[in-house]
1. Once you have the Cα-Cα distance between residue 108 and residue 157, take 0.36 nm times their residue separation minus that, and quote the gain in nm to one decimal.
2. Expressed as a rounded percentage, what relative contact order does the chain have, with Cα pairs under 8 Å and six or more residues apart?
3. Please build a GNM for the chain, connecting alpha carbons under 10 Å apart, and tell me which residue among 151, 49, 119 fluctuates the most.
4. Expressed as an acute angle from 0 to 90° and rounded to the nearest 10, what is the orientation of the C-alpha long axis of helix 27-46 relative to the principal long axis of the chain?
5. So how far apart, in nm, are the two label points at residue 27 and residue 45 if each is 7 Å from Cα heading toward Cβ?
6. Can you tell me what the convex hull of the Cα atoms of region 94-171 projects to on average, as an area in nm²?
7. Let me confirm the definition first: pairs of Lys residues in the chain, 8 or more apart or on different chains, C-alpha distance under 17 Å. How many are there?
8. Order the peptides 127-133, 58-64 from the highest to the lowest mean number of other Cβ atoms within 10 Å of their residues.
Amino acid sequence: MRSATAKIAVAPDPTVYPIEDDMGEGTLQRLVSELLRVLIERFLAASGKATFVGADQFFYWKQYDASECVAPDVYVLPGAPLSHRVGAWKVWETGFVPSFAFEFVSSDVEKDYRTVPPKYARLGVDELVVFDPDHAQDPSRSRFQVYRKSKRGWSCVLHTNADRVRSQVLG
């Protein structure tokens, strides 16, 4: 007897979605990212919100276009199994989009200030915190930038040189 549900044929996807790149990172960036990931994970667990907290993995949100990707230094992924093992997150397969992402400004300031935030908007992240440890080198830069998604769209809601910012997403 045949099933009443027809199977949908899925076209093969020949696109290569890398799971790593050849970019190194400085010791400060590595240290901040490692510490922040663990602190967020522990904070959420203590709040009774066991949530997948990851770092440095690619997110692809547009099938057949590997250029549409970001690799957050730290991210929070509600709904993903805590034991989930994945090389790269393909949103069209998993349905998982970070609610929170943290980016450390690298030596490519232009990329981190101009190119990266709109990519997070296209991915659908609720909140992005961009941290620039070298902000004092240029008065047009700031220690923190906070971007949030709202009913009106994606926008930068805060530029500050304060020593910390509050995340609405993380509480």
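Derivation of every value follows stated rules applied to the coordinates shown; laboratory data play no part. All figures in this text were calculated on a predicted structure; none of them were measured in a lab. Every residue, glycine among them, receives a Cβ derived from its backbone with ideal geometry; neighbour counts consider all protein chains shown.
1. Additional length available on full extension: 15.4 nm.
2. 15
3. Its mean-square fluctuation being the largest, the pick is 151.
4. 60
5. It is 2.8 nm.
6. For the Cα atoms of region 94-171, the hull's average projected area reads 5.7 nm².
7. The number of close lysine pairs in the chain is 5.
8. Result, highest mean Cβ count within 10 Å first: 127-133, 58-64.
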